[in-house]
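First comes the structure, then the notes that go with it.
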Amino acid sequence: NAGVMQNPRHLVRRRGQEARLRCSPMKGHSHVYWYRQLPEEGLKFMVYLQKENIIDESGMPKERFSAEFPKEGPSILRIQQVVRGDSAAYFCASSPLGTPQETQYFGPGTRLLVL
Amino acid sequence: AQSVTQLDSQVPVFEEAPVELRCNYSSSVSVYLFWYVQYPNQGLQLLLKYLSGSTLVESINGFEAEFNKSQTSFHLRKPSVHISDTAEYFCAVSETGFQKLVFGTGTRLLVSP
C-alpha cells in the first residue's frame, strides 16, 4: 500500500509565478490536510479537505492561496503570484475517516523555493 | 486556542544514554496528544499517541510518553538512545472534535557515539 505521495519534491519559482503542489492520499483515504513548515519552525495547519469539499480553511492565507480535492485525481495546493516568504516545505497528510483521534499519514513534502 | 511548547530546540546526547524531550500544551478542552518524528528531507512519521485510558503510551522502538493532565505535559522518553534516533521530534495536539493538528516547534535530537 503506497504511502502519501507528493510532487514535485522540489519546486523553484520566481517571484510572481504560480506554484501548484500535488498530493495523492493513501489508498482508501478520503481526507486530506495541508501543512506548511517555515524554516526552523514547526508545521502550521493550512486546510482540511474531503473529496470536493473544503472542511476547514482557517489556516489558509486570505489571498493567493487556494486548495482543492476533486472527485478524481490528487489534491492541489495552488499559490498564485508567489513571494519570497512563501518559501517553505509544504506537507500533505491523509486519513481514512477524518476523526481527530486518527493518525494522519504524512507525505515527504514539497520544498518550494521562491527566487 | 491550543498551543504546544517544546522548550528545547536541540538536545545532544551520547549513544546509550537516556533522553527526555519535553512537551507542554495549553487547551481549555480535552485533547489528543501525538509525537511525530522527522528524519532529514522526509515527511513526519507517527511515533506514538495518547487518546484515552492509560497515561503511559509506548512505541515499538523503545520510546514512551506519559500524559500528565495536571501539568499539561506529554514528555517523550527513551532509556537508551541509538545513533539512528537522530532526528527532529514534534509534539502535536488536536482538540476532540477538531481534525487539525497543532504542532510545537520541534526538538532536534543529536545522538553521538
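Connecting C-alpha atoms closer than 10 Å in a GNM of chain B, tell me which of B:102, B:81, B:29 has the biggest fluctuation.
Residue with maximal mean-square fluctuation among B:102, B:81, B:29: B:29.
Quick one: longest stretch of chain A between exposed loop trypsin sites (Lys or Arg not before Pro), exposed meaning at most 14 other C-beta atoms within 10 Å and loop per DSSP?
Within chain A, the longest run free of exposed trypsin sites (Lys or Arg not before Pro) spans A:72-115.
Could you list, in their original order, any pairs among A:71/B:100; A:62/B:69; A:51/B:100; A:44/A:71; A:44/B:49; A:27/B:49 whose Cα atoms are separated by more than 28 Å?
Numbers: A:71/B:100 22 Å; A:62/B:69 36 Å; A:51/B:100 17 Å; A:44/A:71 26 Å; A:44/B:49 19 Å; A:27/B:49 23 Å.
Among A:71/B:100; A:62/B:69; A:51/B:100; A:44/A:71; A:44/B:49; A:27/B:49, the Cα-Cα distance tops 28 Å for A:62/B:69.
As an exercise, identify the GluC sites (Glu not before Pro) in the stretch B:3-64 lying in DSSP coil whose Cβ has no more than 13 other Cβ atoms within 10 Å. Could the numbers behind the result be given before it?
On the way: sites: B:15, B:16, B:20, B:58, B:64; in loops: B:15, B:16.
In loop regions of the stretch B:3-64 (DSSP not H, G, I, E or B), the sparsely surrounded GluC sites (Glu not before Pro) are B:16.
Using Cβ counts within 10 Å as a stand-in for footprinting exposure, how do B:3, A:87 rank, fewest first? Let's see the in-between values first.
Working: B:3 11, A:87 16.
Fewest to most other Cβ atoms nearby, the residues stand as B:3, A:87.
GNM, chain B, Cα, under 10 Å: largest mean-square fluctuation among B:79, B:12, B:40?
B:40
Give the calculated FRET efficiency between residue A:53 and residue B:28 to the nearest 0.05, with a Förster radius of 41 Å applied to their Cβ-Cβ distance.
0.90
If you take every DSSP beta bridge fully contained in the protein assembly as shown, what fraction is antiparallel? Give it as a percent rounded to 5. Can you show the working numbers first?
Working: 68 of 77 bridges.
In the protein assembly as shown, approximately 90 percent of DSSP beta bridges are antiparallel ones.
Under the definition of partner shielding as Cβ atoms of other protein chains within 10 Å of a residue Cβ, what is the mean value for peptide B:38-51?
Values: counts 6, 0, 0, 6, 4, 13, 11, 4, 4, 0, 0, 3, 1, 3.
The shielding value for this peptide is 4.
Can you list the trypsin sites (Lys or Arg not before Pro) in the stretch B:1-106 that are in a DSSP coil and have 15 or fewer other beta carbons within 10 angstrom? Please list the in-between numbers first.
Details: sites: B:22, B:49, B:69, B:77, B:100; in loops: B:22, B:69, B:100.
Sites meeting the loop and neighbour criteria: B:69.
Counting other Cβ atoms within 10 Å, which GluC sites (Glu not before Pro) in the stretch A:37-115 have at most 11 and lie in a DSSP loop?
Working: sites: A:40, A:41, A:52, A:57, A:63, A:68, A:72, A:102; in loops: A:40, A:41, A:52, A:57, A:63, A:72, A:102.
When the GluC sites (Glu not before Pro) of the stretch A:37-115 are filtered for loop state and at most 11 Cβ neighbours within 10 Å, A:40, A:52, A:63, A:72 remain.
Every number here is computed from the coordinates shown, using simple stated rules; none is lab data. In this text the structure is predicted, and so the values were computed from the model without any measurement. Glycine also receives a Cβ, built like all others from the backbone with ideal geometry; neighbour counts cover every protein chain displayed.
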